[in-house]
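This report concerns only the one structure given below.
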Protein chains: 2
Amino acid sequence: MKQITGMTKQEGFRISQMTELTEEGMAVQAEGAVHRVRNLGEVVFVVLRQRDGLIQTVFQKDRFEAAGEIREGCTLKVWGTLRREERAPGGAEIAAEKVLILSSPASPLPLPIDRAVMKASLETRLDHRAVSLRNLRERARFRIQEGLVRGFRDYLYSQGFTEIHTPKIGAKGAEGGANIFKLSYFHKPAVLAQSPQFYKQMMVGVFDRVFETGPVFRAEKHNTRRHLNEYTSLDLEMGYIDSMEDVMGVETEFLRYAMELLNREYSRELELLNCQLPRITSIPALRFDEAKKLVSEVYGRPARAPYDLEPEEESLIGRYGREYLGSDFVFITHYPSKKRPFYAMDDPEDSRYTLSFDLLCRGVEITTGGQRIHDYQMLMKKMEARGMSEEGMEGYLEAFRCGMPPHGGLGIGLERLTVQLLGEDNVREGCLFPRDMGRLTP
Amino acid sequence: MKQITGMTKQEGFRISQMTELTEEGMAVQAEGAVHRVRNLGEVVFVVLRQRDGLIQTVFQKDRFEAAGEIREGCTLKVWGTLRREERAPGGAEIAAEKVLILSSPASPLPLPIDRAVMKASLETRLDHRAVSLRNLRERARFRIQEGLVRGFRDYLYSQGFTEIHTPKIGAKGAEGGANIFKLSYFHKPAVLAQSPQFYKQMMVGVFDRVFETGPVFRAEKHNTRRHLNEYTSLDLEMGYIDSMEDVMGVETEFLRYAMELLNREYSRELELLNCQLPRITSIPALRFDEAKKLVSEVYGRPARAPYDLEPEEESLIGRYGREYLGSDFVFITHYPSKKRPFYAMDDPEDSRYTLSFDLLCRGVEITTGGQRIHDYQMLMKKMEARGMSEEGMEGYLEAFRCGMPPHGGLGIGLERLTVQLLGEDNVREGCLFPRDMGRLTP
C-alpha cells in the first residue's frame with residue numbers, strides 16, 4: 001500500500017520564472033514541446049513551448065546528434081545551465097548538457113505553427129484545431145477567455161451570488177421557437193437547453209442571486225460570422241432589484257472587474273495579441289427607438305425592421321458609441337415586446353416595449369437581459385395572450401405561484417465577448433471547437 | 001441617454017452582517033421572502049429568508065394589519081430599528097416601522113419548508129424542487145457544492161492549469177459503448193458528450209495543463225441511488241507527468257484545498273447540515289487485486305466479478321479505509337485493462353492491468369483517472385486490437401500523430417462527491433434538477 005500526500009513531481013524551469021534576480025549559471029531542468037529547431041551546424045537552437053511561453057535551449061553539435069532525432073513535435077526534458085541572452089525569448093536560454101526525448105510525433109505537422117501570425121485560413125485552422133492552437137497567438141485568445149469567465153465568477157462571488165448547475169436536457173425550451181435541438185430521452189421527447197433561463201429564475205426564489213457558466217444550444221439555421229450552434233453562456237439572475245438598471249449596473253461592474261483582472265494577470269497574452277482593452281468608467285444607455293432614429297439620422301441609413309435592430313444598425317450604433325460617446329460598449333434598452341420572450345416585463349408606461357436591454361460591444365450584441373415578470377397572474381396572462389401551453393413548464397410556474405421577488409438577469413455570449421474584445425471578425429476564433437451548421441468535428 | 005456606472009441599489013441589512021459591534025437601535029432596511037409568520041395577537045413575528053440566513057422582524061398588531069396580507073411566500077421590504085434578541089435567528093430582530101409588500105404568492109406552498117429537516121420524500125421534494133429548495137438545509141447542500149467547484153478551479157488556477165470549454169455535441173462518444181444519447185444535428189447523426197476526454201487530451205498538447213467543469217451525459221439504463229443521466233464533471237488533464245501518481249497527488253491536494261475553503265468560507269452551511277468534513281493529510285492507495293483480496297478476506301465476502309469492483313466491494317473497501325487506514329478516501333489503482341477505455345495506458349510490467357485509478361469516498365467511486373497513452377503508434381495498435389474505427393476521431397488522432405507529452409488526468413462526479421461528503425444516501429440530493437430514467441422535469 002502507498003500513501004499519496006500530494007504532487008511529488010518537481011516542475012521544470014519556465015521562462016515566466018525568469019526575473020532580474022535569477023542567477024546566471026544556475027543549473028536548471030526544463031520540459032516542453034519542440035516548437036522550432038534552428039540548426040546552425042556547430043550549435044543547434046531548440047525552442048521549447050511551455051504553457052506560459054517559449055524557452056530556448058542551445059545544443060552543441062555532437063550533443064544534439066547523440067540525443068536521437070529531435071524534431072518539431074517532440075517533447076523533451078532538458079538539463080543545463082541558465083544564461084542571459086538578449087536575443088532569446090524572455091532574455092534567457094539554457095545551455096543544454098543532457099536531454100531526454102519524452103515522446104516523438106509520428107508525422108510532420110500539417111501546418112506551420114511557429115510563425116507569429118498563422119497564415120492558414122480559418123477553415124484550415126479549425127480542421128486541424130488541436131495543432132493550430134499550438135501557435136502562441138491562437139492559444140492566447142483562450143487564456144483571455146479564461147480571464148473573462150474567471151472575472152465573471154469572482155466578481156459575482158464577491159456580490160453574494162451562488163453558482164448553480166442546471167440541466168441541459170429538458171422537456172421544453174426556454175426561449176421557444178424552432179431553434180431547438182431535439183432528442184429522444186429514454187423514448188420520451190426532450191430538448192437541449194437554449195439557455196438556463198427557467199432554472200436561474202426558479203433559483204432566484206432560493207438563493208436570491210445566482211449565476212451559471214455553461215453550454216447552451218441553438219439550432220439556428222444561420223451560418224454567419226456571429227453565430228454558433230453551441231456556445232458558452234455566462235448567465236446571472238438577481239432578486240430584489242429596483243429596476244433593470246440594477247442588472248445593467250452589475251454587468252458594468254463585472255466588465256470593469258474583468259478588464260482589471262486581465263490587465264493584471266494576463267498581460268503577457270494581451271501583449272502577444274497586441275490588444276488594448278477598453279477602459280470602462282460608465283456605459284451609455286440608449287432607448288431602442290432613440291438609437292434606431294439616431295443612427296438613421298447620423299449615418300443616413302433608413303431604418304427598415306421596426307421591431308428589431310439589424311446587424312448593420314448594431315454596427316452603426318457601435319460606431320456612434322465610439323465617435324460620439326467615447327465608449328466601446330453601448331446599452332440599448334426598451335426593446336419591443338413583440339421581439340422579446342414571454343417572461344420579459346412589459347414597460348408599465350408603454351406596454352409595446354419591455355424593461356429589457358442588450359449590450360453591444362463594438363457594434364455586436366454580446367448580452368441580452370432585462371427585468372422579468374415575477375407575478376404569477378401577469379405571467380399566466382402573457383402566456384395566454386401568446387397562445388402558449390403550460391406543458392413541461394409546471395415546475396417553472398410553480399415557483400411563481402408560490403411567490404417570487406422582483407428580479408432580472410442577463411446572459412453573455414462568452415465567445416462573442418472574447419472576439420469583440422480582441423478585434424477578431426469571426427466568433428469561431430473565440431471558440432476552441434466551434435459547432436456550426438457545417439461543422440461537427442473535430 | 002443615461003450613463004450606467006454600476007450598481008446603485010443599496011442592499012438591505014442581512015443577518016450575516018450582524019456583529020458584536022452592530023449598533024442597537026440602528027435604523028435598518030431589510031428585504032426577504034416571508035419564511036414564517038407567527039401571529040401572537042398583539043405582536044406578529046415575520047421571519048424573512050435571505051440568501052445567507054433568516055432575519056426576524058416584529059410587527060405591532062395594527063401595523064401588521066394595515067400592511068395588507070403578509071403571508072408565507074410574500075416578498076417584503078421592511079424598515080425599522082435593529083435590536084438584540086437572543087431568541088431570534090442570529091441574535092437580532094428588526095422592530096418594524098414600515099413595510100412594503102414587493103410580491104405575493106398566488107397560492108399556498110405545496111409542502112412546508114420552514115422545518116429544520118423536511119419530512120417529505122425525495123420524490124416529492126424533487127417534484128416541487130423550486131419550492132423545496134427554499135428550505136434552509138435543502139439549499140445549503142448546494143452552497144457546499146459551490147465551494148467544491150470553486151476549490152477545484154482555484155486550486156488548479158494556482159497550479160497553472162488553463163480552463164477550457166469543449167463541445168457537448170459531437171460526432172463520437174469518448175467512452176464508447178451503448179450509453180450515448182443520440183440526436184440529429186442538421187440531418188447528421190450526432191451524440192452528446194459522455195465526457196470531455198478527447199478534448200482535454202487534445203488541449204494538453206496546447207496548454208500542458210487544462211481543466212473543465214461542465215455537464216456530461218450518460219444514457220445508462222440504471223436507476224440507482226448512485227446514477228444520474230446528466231451530471232457535472234470536474235475534469236483535469238496534465239502533461240509531463242512522471243507517473244499516474246502525479247495525477248493522484250493533484251487530486252489529494254485539491255481535496256485538501258477544498259476542505260480548507262469550505263471550513264473557512266462555508267462554515268454556516270456546514271453547521272446547518274451538521275457536517276464534519278474529513279481531514280485529509282494523505283490518501284492510501286491499494287492495488288485493485290490487493291483491495292479485492294483484502295475485503296474478501298477481512299469481511300468474508302467472496303469476490304465474484306474478476307475485472308471490476310462491485311458496489312458492495314467498494315462499500316467494504318470504504319469500511320476498511322475507515323476501520324484500518326483511518327481514511328475516508330481510498331485510491332484503487334491498476335484496474336484491469338479489459339474494463340478501461342482504449343486510451344488508458346497499460347502497465348508496462350503487466351499489460352493485463354492499466355496505470356489507472358479510481359478514488360472512493362466513503363465507499364463510493366467519485367473519480368476515475370489515470371495515465372493515458374501518448375504515443376500515436378501505441379494508440380493505433382490498441383484501437384485496432386479492440387476493433388475500433390477511426391471515424392469521427394480524426395481530430396483526436398491528429399493531436400497524437402503530431403506529438404503529445406506523457407500525460408494523465410481524471411474526472412470527478414460533482415454530485416457524488418457532494419453527497420458523499422454530506423452523508424446523503426442518494427446522489428439526487430446533490431443535484432438541483434436531477435435527470436434519471438424517469439425524470440425529465442422540472
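Just so it is clear, none of the values below were taken in a lab; they were calculated from the coordinates. No experiment lies behind these values; they were computed from the predicted model shown. Note that each Cβ is placed from the backbone with ideal geometry, even for glycine, and that neighbours are counted across all protein chains shown.
Couple of notes before you dig in:
- Mean-position separation - Cα centroids, region B:85-110 and region A:388-442, in angstrom: 35
- Shortest first, residue A:381 label-point distances to identical copies amount to 7.4 nm, with the label point at 7 Å from Cα along Cα→Cβ.
- Classified by the C-alpha gyration tensor, region B:118-183 has an oblate form. Its axis ratio a/c, with a ≥ b ≥ c, is 1.5 or above, and a/b does not exceed b/c.
- Mean separation of Cα contacts under 8 Å, 6 or more apart, over the residue count of chain B: relative contact order %: 13
- In summary, the lysines within cross-link reach of residue A:98, defined as a Cα separation below 20 angstrom excluding same-chain residues under 8 places away, comprise A:9, A:61, A:77.
- The DSSP beta bridges internal to the protein assembly as shown are antiparallel in roughly 90% of cases.
- Rg/Rg_ref, region B:165-277, where Rg_ref = 2.2 N^0.38 Å and atoms are Cα: 1.33
- Evaluating 6.51 cos²θ - 1.76 cosθ + 1.60 at θ = phi - 60° for every residue in region B:239-250, the Karplus couplings come out as x, 6, 7, 8, 6, 5, 5, 5, 5, 5, x, 4 Hz, glycine and proline recorded as x.
- Karplus-based coupling profile of region B:211-217, in residue order and whole Hz: 8, 8, 10, x, x, 10, 10, with θ = phi - 60° in 6.51 cos²θ - 1.76 cosθ + 1.60 and x standing for Gly or Pro.
- Ranking of B:244, A:7 by count of other Cβ atoms within 10 Å, fewest first: A:7, B:244
- Placing unit charges on the Cβ atoms of the charged side chains and taking the dipole of chain A about its Cα centre, the candidate lying farthest along the positive direction among A:79, A:174, A:433 is A:79.
- Legend: mean number of C-beta atoms from other chains within 10 angstrom of residue C-beta atoms, peptide A:7-14, equals 5.
- Rounded to the nearest 20, the Cβ-based charge dipole of the protein assembly as shown about its Cα centre (Lys and Arg +1, Asp and Glu -1) stands at 1420 debye.
- Integer Hz, Karplus 6.51/-1.76/1.60 couplings in order for region B:293-304, x for Gly and Pro: 5, 4, 5, 5, 6, 5, 10, x, 10, x, 6, 9
- Per-residue Cβ neighbour counts within 10 Å put B:64, A:152 in the sequence B:64, A:152, beginning with the fewest.
- Translational diffusion of region A:136-430, µm² s⁻¹ [Kirkwood Rh, Cα pairs; Stokes-Einstein; 20 °C; 1.002 mPa s]: 108
- Cross-link pairs exceeding 27 Å in C-alpha to C-alpha distance, out of A:2/B:172; A:182/B:382; A:168/B:382; A:339/A:381, comprise A:2/B:172; A:182/B:382; A:168/B:382.
- Rounded, prolate or oblate (a/c below 1.5 giving rounded, otherwise prolate when a/b exceeds b/c) for region B:400-442 by Cα gyration tensor: oblate
- Ranked for footprinting exposure by Cβ neighbours inside 10 Å, fewest first, A:210, B:330 give B:330, A:210.
- In the protein assembly as shown, the inverse of the mean reciprocal separation of distinct Cα atoms equals 29.2 Å; this is its Kirkwood hydrodynamic radius.
- Number of partner chain Cβ atoms within 10 Å, mean per residue of B:245-252: 5
- Normalised by the number of residues in region B:311-391, the mean separation of alpha-carbon contacts (under 8 Å, six or more apart) gives a relative contact order of 28 percent.
- Unit charges on C-beta of K, R, D, E only; dipole of chain B, Debye: 1280
- Region A:341-358 versus region B:24-51: alpha-carbon centroid distance in Å: 32
- Averaged over peptide A:227-234, the number of partner chain Cβ atoms lying within 10 Å of each residue's Cβ comes to 2.
- Relative contact order, percent, region A:15-103 [alpha-carbon distance under 8 Å, six or more residues apart]: 32
- Cα gyration tensor category, rounded, prolate or oblate, for region B:298-389 with a/c compared to 1.5: prolate
- Chain A versus the axis that turns it onto chain B: the residue with the nearest Cβ and the distance in whole Å amount to A:183, 2.
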